[in-house]
Every structure is written in structure tokens, then in C-alpha cells.
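J.: Structure provided below as C-alpha cells; questions to follow.
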Amino acid sequence: MNDIFNLKRFISYAKYQTLVNLRVKMLLLSSLIIGITGYLFIVISYFTNGNWFGTHWWAFTYLLFAIFLIFYTGNSFPGLRSKEKATDFLLIPASTLEKYIYEFFERVVFPFIAIPVLLFTICNAVVYSLGGILEMNHRYVDISFFSLSYLQDLDWSMVAGLVFMFLFLFAGGTLFKRFPAIKSIVSMAVIMSLVMYVLFKVASSAKISLGFLVIETRVVNELDNQVTTSYDFSVWFFLALVIILISGSYMLLKRKELK
Amino acid sequence: MIEISDINYRYGRQKNLFSNLNYSEKAGNIVGLLGKNGSGKSTLFKIISGLLSVKSGSVTTMGTEPFHRKPSFLNQLYFVPEEYHLPSISIKHYVKAYSGLYPGFDAELLHQILADFELKETMKLSRISYGQKKKFLIAFALATNCKLLLFDEPTNGLDIPSKAIFRKVVASSVKDDQLIIISTHQVRDIENLIDKIVVIDNGKIIFNREIYQISERYAFSTVSSISDKNPLYTEVGPAGHRVILPLNGSSTPVDIELLFNAIVKGVIL
């Protein structure tokens, strides 16, 4: 049997993780559903006077991602938090890759699927219920936010930044034993500050614009070569950083010792 | 099954716990790994199971380097640590979730051992006592049919009847291709169970012999006076002098506690 990845073993491992943590996961999910529903009911019906637009949805979506990021993704690899749990986690008969992929799916991929689905379902239910309970004729709750046309308005640099933050906090789970989320955020702030400082230093000495951080591709193409170059550099730079993060955290997990 | 050559190990900047330690073990034995507190019994288990890597020397467990933690290695190894974590689910659900990862898992054997230990499958692991959790882990470990079973202080927290059951279930479950190593400082708990004694002290294996070899050479008894006995080792006990003598006549049961005390006090046996 393949010692790196085996689908049958991966399914057994996923089944084990699901069954063992089912209660905790159900508790988390129900808390989240109750929290979102309660928040929306209160805010839409009282604090915004029933007027809830696309901007509100964006802010709320980002808030939800932030909560997931800190409390869920930031606590990745819970099996490494204590010696007792780590003995169990490291000796479960599955490969490091299988354990890593499972955790990656659960802590990084899953939130990007679960949050929009949860929001879409709960928000529609809340808005529908509010319409039945309250006098809504002078109120306007725009749920067209969830239509595909909104994807055109997505700020992809924000999405990339969000993905990067998720990866950073996920990777922190393999490095820090205690308070991984907080330590990951502080490390991320320090590293990003250093990176931005170096970038600005390089950019100013080479006399190139750093507007690339917000300029979209079509605009960049109309500008001169220097700006285009700096844009490409930033993309490759962040891509390299993501690869280093992922491979680094994988190697940390592979070389993990129980001291 | 286990081949350890010239390993050195230390935690952080502390002095070496193991200095050029050598140890090898074959399948088909129940080994008692004895040593004083802090002698490195648990660390040796962690090295054998791949939870720690060594800086120098070589370790081979079941033909592979354990620190690679390959699944084909892990599904043949079960380690019952002294301190452990169990999820808050029922025994039944735990078995359902975990047994699929061990190809040789024997559900029938598990039912039998659970019954011996008076554990019910509906019991919740978070609501049972420390001793019951330990009994469950021992039962699960034996039911996996792994080739290598490591028990670190398995009798800690077990009541007196359970210790007897532990000896019974281990002795009746072990197979010829299996190796069971039991680390303990409660040596009386493993009397009549182990067929080999390994003593670790000051970073080295200082004693490694099968029980029959010991009983072929030494006699263990309690005497009122030692003046005419010329014992190899003696201790004063409530019933007289406990002594180790060169065998001269019929063999006696091995007094593991006395043997251990003699070994760690430097008596050459």
C-alpha cells in the first residue's frame, strides 16, 4: 500500500476525524447558525431600520470570514496542542500528507464553501421571516448580493489577501503549540510589515510605482513597462510566499517531535 | 523487530539521557522494561514509535526508520502512553471510527477483553474513570493485533482485580509474531507475565535477559539468617532477609523487585 497517499486510507482517516469530532463540529455549526440568525434579525430590524444593502453584506461577509479565520483556521491542527493529543494524532495510521490534506480542506477550503452557503441560506430565511413579521413596505433589504453578477464586483486583491491570511493562520497551527491564532496574527503583521518596508525601499530606489497593489490588470497594461514589471513581481512574490508557507508547514508537521 | 545502535539522546541542553545505547528485540516476547523514574523508559518508547528522532546512531523498528511514521509502520504499532487523550464519545463510536485504520483489528477479541474488564460499549469515554479508560486502551491495543505493542505504565490507576485481569488478557492475547514491551516501575504487577527483563539505568541498557536464563542461574528466597548463605544480594524484609543466591538445586520463581534492586545497586548478575 502506498505510504504517501492512499484514497481508501484517507477516507478511513476522514471518517475517524469526522466521527471523533462530530459533537464539537455540530456544536460549532449550530452556534454559528444561531449567532448569524440572531445578529441579522437584530441589526436588520432595529439598528439599520430595515435598510440593508450590498455594502452591509460585504462588511458582514468579511466579518464572518474574520471570525472563522481567528477562531477556526487559526486553531488548525488541534491534535498538536497537547502532548496527550499529539501522541494520538502523530501515531494514527495515516500519512502526513493525508493528515495535512484533511486539515487543509477542513480549515481553509471548507470556510470558503461554508460561509457563502450559510450566509445565502440564513440571510434569505431571515429576510423572508422579517417580511412576514414586520411591516417591510418602507424598508429595503437587498439580497441580490448573492447573485453571480456580484462576482464581477469582487475585489480580487481582497480575496487574494483573505486566502493568504487563511493560509498563514493555517500554517501557524503547525508551528505554535499554545495560542496559535494570536501568535500567527502577530507574526503575520511583523512579516508583512517587513515585506512592505523592503518592497517600498526597493521600489523607491528603482523609482517605480507601487500603485500595483490596487491597479487592475487592464489598467496596468496601458501603463509603462516599469509598472507592469512591478505588478508581476508582486504576484510572483506572494505566490512564492504561499508556496513557502504551505511546504514549510507541511515539513514542520512531518518532522514534528513529541518532546 | 527492534534494532537500536549507538544512539545518543538528550532534551534541549540537558545532559545526555542516552549515551551510545544499544538494544535489540525479537518478536514473540513479552518484555518488562524496568528503570528508575527519569531513566528514559518513556523516551525509549517515543524513539521506538517514531515520536522522537535521534541525532546520532540508528533506530530500526519493524524494518523501517520509525521517525518516518509511514502508515504501513503505524498500522502495526500501538502505543499506550501513561497520559493519554480520549475523545468524548462512546466506546462503540470510538471503535467504529478507529478500527478501520488497523487492518488486523479483531472485534471479537475486543468484546471479550471488554467483558473481562467489565466495560460496556455504551460507556462514554469522557465519563469513565482514569482506570477504566486505561483498561479500554489496553483492550483496544490488544484487539488491533499490531506486531508491536508498547505499554507505558499500564497498571497505573488499575485496581487490584484489574491488574490480575490485565496479566491474564495480555498473556492470552499475545501471538508468536508480536512483541509486547511493558514499561513499569511497579514490578510486581508484571510478575508471571513477562518472559524477559530489560533494565535501563544511567542512559544504558544494563540488564537484558530472559526469565528462564535468570531462573537457571539464581534462586530467590526469604531466609531468617544470611550468615551461612553467602548471598549475591540481600535486603531486609518484614519476614526476614530476601536473598538472591546462586542456584543450587531446584529453581525458584524470579523475584523481579529484588532482582531489579540488585541490578540498579550495581550487583553484577
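J.: Report, in debye and to the nearest 20, how large the dipole of segment B:214-264 comes out about its Cα centre when Lys and Arg carry +1 and Asp and Glu carry -1 on their Cβ. Intermediate values should be presented prior to the final figure.
T.: Working: 3 positive and 5 negative charges, 14 e Å.
Rounded to the nearest 20 debye, it is 60 debye.
J.: Going 7 Å from the Cα of residue A:183 along its beta-carbon direction, which residues of segment A:81-96 have the amide nitrogen within less than 15 Å of the resulting point?
T.: A:81-83, A:86
J.: What do you reckon, how do A:43, B:170 stack up by accessible area (1.4 Å probe), largest on top?
T.: On the way: A:43 20, B:170 0 Å².
Largest accessible area first, the residues go A:43, B:170.
J.: Between segment A:82-109 and segment A:1-70, what is the separation of their alpha carbon centroids in Å?
T.: 20 Å
J.: What residues in segment A:5-22 lose 50 Å² or more of accessible surface when the other protein chains are added to their chain alone (1.4 Å probe)?
T.: Residues passing the criterion (a loss of at least 50 Å², heavy atoms only) are A:16, A:19, A:20.
J.: Moving on to the next point. Place +1 on the Cβ of every Lys and Arg and -1 on the Cβ of every Asp and Glu in the protein assembly as shown, take the dipole about the Cα centre, and give the residue among A:30, A:194, B:21 whose Cα lies farthest towards its positive end.
T.: Among A:30, A:194, B:21, the one farthest towards the positive end of the dipole of the protein assembly as shown is B:21.
J.: Can I ask one more? In debye, nearest 20, what is the charge dipole magnitude of the protein assembly as shown about its Cα centre with +1 on Lys and Arg Cβ and -1 on Asp and Glu Cβ, if you could check?
T.: Values: 52 positive and 41 negative charges, 164 e Å.
Charge dipole of the protein assembly as shown: 780 debye, to the nearest 20.
J.: Another one. Leaving out ligands, DNA and RNA, what percent of the accessible area of the protein assembly as shown is carbon and sulfur, probe 1.4 Å? Let's see the in-between values first.
T.: Numbers: 15870 of 26120 Å².
Carbon and sulfur: 61 percent of the exposed surface of the protein assembly as shown.
J.: Right, another one. In Å, what Kirkwood hydrodynamic radius results for the protein assembly as shown from the alpha-carbon pair distances?
T.: Details: mean 1/r = 0.0361 Å⁻¹.
One over the average 1/r among Cα pairs gives 27.7 Å for the protein assembly as shown.
J.: Also: State the antiparallel share, in %, of DSSP beta bridges confined to the protein assembly as shown, rounding to the nearest 5.
T.: Details: 29 of 50 bridges.
Within the protein assembly as shown, antiparallel bridges account for around 60 percent of the total.
J.: Work out from phi, with θ = phi - 60° and the Karplus expression 6.51 cos²θ - 1.76 cosθ + 1.60, the ³J(HN,Hα) of each residue of segment A:59-75, listed in order in whole Hz, and give x for Gly and Pro.
T.: With the stated coefficients, segment A:59-75 comes to 4, 5, 4, 5, 4, 4, 4, 4, 5, 4, 4, 6, 8, 10, 5, x, 10 Hz.
J.: Turning to a different aspect of this structure: Given B:117, B:165, B:54, which one lies farthest toward the positive end of the charge dipole of segment B:2-202, if we put +1 on the Cβ of every Lys and Arg and -1 on the Cβ of every Asp and Glu?
T.: B:54
J.: While we're here: Let me know the longest stretch in chain B that avoids all trypsin sites (Lys or Arg not before Pro) found in a DSSP loop with at most 12 other C-beta atoms within 10 Å. Show your work: numbers first, answer last.
T.: Numbers: sites that count: B:13, B:15, B:26, B:55, B:120, B:127, B:175, B:265.
Of all site-free stretches, the longest is B:176-264.
J.: While we're looking at this one, here's another question. Taking the Cα centre of chain B as origin and charging only Cβ (+1 Lys, Arg; -1 Asp, Glu), how large is the dipole, in debye to the nearest 20? Could you put the intermediate results ahead of the total?
T.: On the way: 31 positive and 26 negative charges, 162 e Å.
In debye, rounded to 20, chain B gives about 780.
J.: Further, regarding this structure: Where does segment B:24-157 land on the Kirkwood hydrodynamic radius, alpha-carbon pairs, in angstrom?
T.: On the way: mean 1/r = 0.0627 Å⁻¹.
The answer is 15.9 Å.
J.: Pairing the Cα long axis of helix B:130-143 with the longest principal axis of chain B, what angle in degrees results, from 0 to 90 and rounded to the nearest 10?
T.: Tilt of helix B:130-143: around 80 degrees.
J.: Kindly identify residues of segment A:237-259 having a loss of at least 30 Å² in accessible area between the isolated chain and the assembly of all protein chains, probe radius 1.4 Å.
T.: A:254, A:255, A:257, A:258, A:259
J.: Across every pair of different alpha-carbon atoms, what Kirkwood hydrodynamic radius in Å does chain B reach? Mind dumping the intermediate values first?
T.: Numbers: mean 1/r = 0.0504 Å⁻¹.
Kirkwood hydrodynamic radius for chain B: 19.8 Å.
J.: Provide the FRET efficiency to the nearest 0.05 for the residue B:250-residue B:22 pair, computing r from the beta carbons and using R0 = 30 Å. Display every interim value, and only then the final one.
T.: Details: r = 35 Å, r/R0 = 1.16.
Approximately 0.30, to the nearest 0.05.
J.: Next question, about the same structure. Taking the simple approach of a point 7 Å from Cα along Cα-to-Cβ for both residue A:58 and residue B:208, what is their distance in nm?
T.: Between residue A:58 and residue B:208, the simple spin-label model gives 6.9 nm.
J.: What distance in nm lies between label points placed 7 Å from Cα along the C-beta direction at residue A:4 and residue B:185?
T.: Going from the residue A:4 label point to the residue B:185 one covers 4.5 nm.
J.: Restricting to chain B, compute how many DSSP beta bridges are antiparallel as a %, nearest 5. Can you show the working numbers first?
T.: On the way: 29 of 48 bridges.
Antiparallel bridges: around 60 percent, rounded to the nearest 5.
J.: In straight Cα distance, which lysines are under 23 Å from residue B:133, not counting same-chain residues fewer than 8 positions off?
T.: The qualifying lysines are A:15, A:83, A:85, B:41, B:46, B:92, B:96, B:120, B:124, B:147, B:163, B:168.
J.: A follow-up question, please. With everything on Cα atoms, drop me the angle between helix B:160-173 and the longest principal axis of chain B, reported from 0 to 90° to the nearest 10.
T.: Taking Cα atoms only, the helix is inclined about 80 degrees.
The values are calculated or read from the model by the stated rules, or taken from the named source; none is laboratory data. Model, not experiment: these values are computed from the prediction. FYI the Cβ positions are ideal-geometry reconstructions off the backbone, even for glycines, and counts take in every protein chain you see. Heads up: the accessible areas ignore ligands, DNA and RNA and are worked out on the full protein's heavy atoms, side chains in. Shrake-Rupley method; radii C 1.70, N 1.55, O 1.52, S 1.80 Å.
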